[in-house]
Amino acid sequence: MVSLFFFFKDFEPSAVTPRGLAPPGLIVNGDFSEMMRLKVSSTPTTPRKNLNLSVTEPGKNDGPSLDGTLMNYIDTLTQRINYHIGYPVNICYEHYANLAPLLQFHLNNCGDPFLQNTVDFHSKDFEVAVLNWFADLWEIERDQYWGYVTNGGTEGNLHGILVGRELLPDGILYASKESHYSVAKAAMMYRMNFENINASINGEMDYSDLKAKLLQNKGKPAIINVTIGTTFKGAVDDLDVILQTLEECGYTQDQFYIHCDAALNGLIIPFIKNMITFKKPIGSVTISGHKFLGCPMPCGVQITRKSYINNLSRRVEYIASVDATISGSRNGLTPIFLWYSLSAKGQIGFQKDVKRCFDNAKYLKDRLQQAGISVMLNELSIIVVLERPRDHEFVRRWQLSCVRDMAHVIVMPGITRETLDGFITDLLQQRKKWYQDGRISPPCVASDIGPQNCACSYHKIDFIIP
């Protein structure tokens with residue numbers, strides 16, 4: 001049986017390689033493609049089922065051993081990797097063997113990352129290194145920012161909006177209807193007045209509606225959530241247009257606070273155009289670390305201006321530190337995983353990943369369009385939106401996220417052309433059954449993705465014939 005506890009003197013990476021996963025030697029220069037090819041199956045695997053586990057007393061378990069249960073679980077996950085295309089998680093995390101020895105330690109980054117604790121079992125030095133990297137990326141001087149590694153994008157949004165609320169206690173929170181659900185959660189938790197702004201059909205904020213509501217609430221400060229890549233359609237709210245709208249409505253910089261939710265796109269857009277920058281009057285930026293970068297556990301990065309954080313900071317004698325975080329105790333492993341990935345990949349690596357993802361997203365969109373399937377791909381996005389499959393079994397097999405009559409594929413760094421081809425082939429075969437070889441028409445999804453992207457019989461003709 002495989003031991004789950006490793007020690008540096010005994011640790012052998014091959015000993016913890018699950019069956020079905022490639023040994024570390026097959027991953028060369030961060031290239032995960034060879035490992036992915038080993039797992040490609042001509043027949044899609046079925047979704048995993050609930051294991052119906054229970055905790056048993058030692059010596060009283062008549063079923064599989066503990067290690068056997070875990071290995072079967074790992075085998076199941078391994079076989080499902082090629083069918084994980086509907087959610088923004090980079091599952092190509094190839095450093096697990098190198099970092100596994102850290103699991104023997106309890107690492108707790110409690111309190112302010114820039115202040116040391118009386119306990120040595122933390123990773124704040126790695127955390128600050130990660131924060132400095134993002135501060136440089138988002139163009140804020142190191143002595144001008146404050147931040148921390150969070151448990152994910154939701155915590156980053158909760159923190160950023162809380163900073164805005166503390167700076168502007170009477171402020172009204174504005175966010176588009178395509179914003180992440182955590183923004184409305186923050187408004188509920190903090191008892192904030194909330195204005196839900198309409199969104200255009202591509203998912204971008206409706207700036208005319210924003211302007212109307214700003215003018216309607218003139219005299220009240222504005223706390224605005226700007227989404228840099230919406231959850232479902234990947235649309236990017238235009239920060240410059242929002243700033244111009246605030247100016248046109250008579251809001252000075254001391255009357256508004258802007259939080260940028262860049263959960264997925266915060267590590268994509270900076271390598272295309274310089275959009276996310278503290279040189280503009282923004283208050284905070286958050287990303288999810290487990291998304292484009294990749295990490296085995298949910299995590300994120302939240303950065304705000306150092307001058308803002310005093311409103312939240314509280315001295316805590318018990319931990320001999322100051323705390324301004326949401327969670328207090330924080331996972332000390334995640335900063336090390338993020339630091340390792342950032343250092344191993346580098347900016348050149350990100351540029352390559354971004355280009356490959358954009359190319360593959362366009363490839364998928366073009367293939368679907370050529371097959372007569374309704375499909376949309378926003379500019380600056382790796383999220384391909386298509387008509388919702390008619391079969392729940394198909395949705396579960398490919399682990400798709402669906403809203404109304406739409407589904408989407410998020411083309412992450414680990415998704416290869418081979419995986420996309422498998423999805424397309426399976427989809428086309430299933431559509432023949434769903435629509436009886438053309439005897440039944442696919443639904444119209446013009447109201448969801450726009451008439452120019454809809455391939456229903458009516459809009460198809462409408463856009464082919466002048």
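Scanning the stretch 396-405 for residues being more than 20 Å from residue 456 (Cα to Cα) and part of a loop (DSSP other than H, G, I, E, B) gives a total of 3. In the set (1) small (Gly, Ala, Ser); (2) in a helix (DSSP H, G or I); (3) farther than 20 Å from residue 160 by Cβ, residue 266 fails one condition alone, (3). Taking the stretch 395-407, which residues are over 14 Å from residue 448 (Cβ atoms), of a type in the set (A, V, I, L, M, F, W, C) and surrounded by fewer than 19 Cβ atoms within 10 Å (Cβ to Cβ)? Residue satisfying the conditions is 395 alone. Of everything listed in (1) buried (at least 24 other Cβ atoms within 10 Å of the Cβ); (2) touching a Ser or Thr at 6+ places or on another chain (Cβ under 7 Å), the single unmet condition for residue 207 is (1).
The conditions of being free of Cβ contacts under 8 Å to residues at least 12 places away in the same chain and not β-branched (Val, Ile, Thr) are met by residue 429. Screening residue 122 against (1) in contact with a Leu (Cβ under 8 Å, 6 or more places away or on another chain); (2) within 22 Å of residue 335 (Cβ to Cβ); (3) surrounded by fewer than 16 Cβ atoms within 10 Å (Cβ to Cβ) leaves a single unmet condition, (3).
Within the stretch 378-387, the residues that satisfy the criterion of being closer than 14 Å to residue 408 by Cβ and touching a residue at least 40 places away in the same chain (Cβ under 8 Å) are 378, 381, 382, 383, 385, 387.
One line per residue, one yes/no per condition, for (1) touching a residue at least 12 places away in the same chain (Cβ under 8 Å); (2) polar (S, T, N, Q); (3) out of contact with any strand residue (DSSP E or B) (no Cβ under 6 Å at 6 or more places or on another chain); (4) surrounded by fewer than 24 Cβ atoms within 10 Å (Cβ to Cβ):
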position	(1), (2), (3), (4)
239	yes, no, no, yes
245	yes, yes, yes, yes
249	yes, no, yes, yes
253	yes, yes, yes, yes
263	yes, no, no, no
278	yes, no, yes, yes
281	yes, no, yes, yes
287	yes, no, no, no
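Across the stretch 67-97, what is the number of residues that are outside any loop (DSSP other than H, G, I, E, B) and touching a residue at least 24 places away in the same chain (Cβ under 8 Å)? Residues meeting the conditions: 16.
Here's the yes/no breakdown for (1) outside the structural domain of residue 179 (by TED's automatic domain parsing); (2) in contact with an Asp or Glu (Cβ under 8 Å, 6 or more places away or on another chain); (3) not aliphatic (A, V, I, L, M):
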| residue | (1), (2), (3) |
| --- | --- |
| 232 | no, yes, yes |
| 240 | no, no, yes |
| 243 | no, no, no |
| 260 | no, no, yes |
| 266 | no, no, yes |
| 279 | no, yes, yes |
| 285 | no, no, no |
| 295 | no, no, yes |
| 298 | no, no, yes |
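Listed conditions (1) in a loop (DSSP other than H, G, I, E, B); (2) in contact with a Lys or Arg (Cβ under 8 Å, 6 or more places away or on another chain) are all met by residue 218, apart from (2).
Total residues in the stretch 166-194 satisfying the condition of being crowded, with 16+ Cβ neighbours inside 10 Å and within 21 Å of residue 233 (Cβ to Cβ): the figure is 9. Do you know which residues across the stretch 406-455 are of a type in the set (A, V, I, L, M) and in a loop (DSSP other than H, G, I, E, B)? 411, 412, 415, 440, 445, 455 - these are the residues of the stretch 406-455 that are of a type in the set (A, V, I, L, M) and in a loop (DSSP other than H, G, I, E, B).
Number of residues in the stretch 94-119 that are acidic (Asp, Glu) and touching a Leu at 6+ places or on another chain (Cβ under 7 Å) equals 0.
Note on the stretch 98-206: enclosed strands (runs of 3 or more DSSP E) holding 3 or more residues that are touching a residue at least 24 places away in the same chain (Cβ under 8 Å) and touching a helix residue (DSSP H, G or I) at 6+ places or on another chain (Cβ under 9 Å) are 145-150, 172-176.
Looking across the stretch 310-346, the residues that are in a helix (DSSP H, G or I), in contact (Cβ under 8 Å) with a residue 12 or more places away in the chain, farther than 30 Å from residue 376 by Cβ and under 25 Å from the mean Cα position of the chain (by Cα) come down to 333, 334, 335, 336, 337, 338, 339, 340, 341, 342, 344. Residues 82, 98, 72, 61: which one is on the phi < 0 side of the Ramachandran plot and under 20 Å from the mean Cα position of the chain (by Cα)? Testing whether each residue is on the phi < 0 side of the Ramachandran plot and under 20 Å from the mean Cα position of the chain (by Cα) leaves just 82. Checking every residue in the stretch 234-241 against the condition of being part of a helix (DSSP H, G or I) and more than 23 Å from residue 286 (Cα to Cα) gives zero matches.
The values are calculated or read from the model by the stated rules, or taken from the named source; none is laboratory data. Just so you know, these numbers come straight off a predicted model, no measurement behind them. Here Cβ is always computed from backbone atoms with ideal geometry, including for glycine, and neighbour counts include all displayed protein chains.
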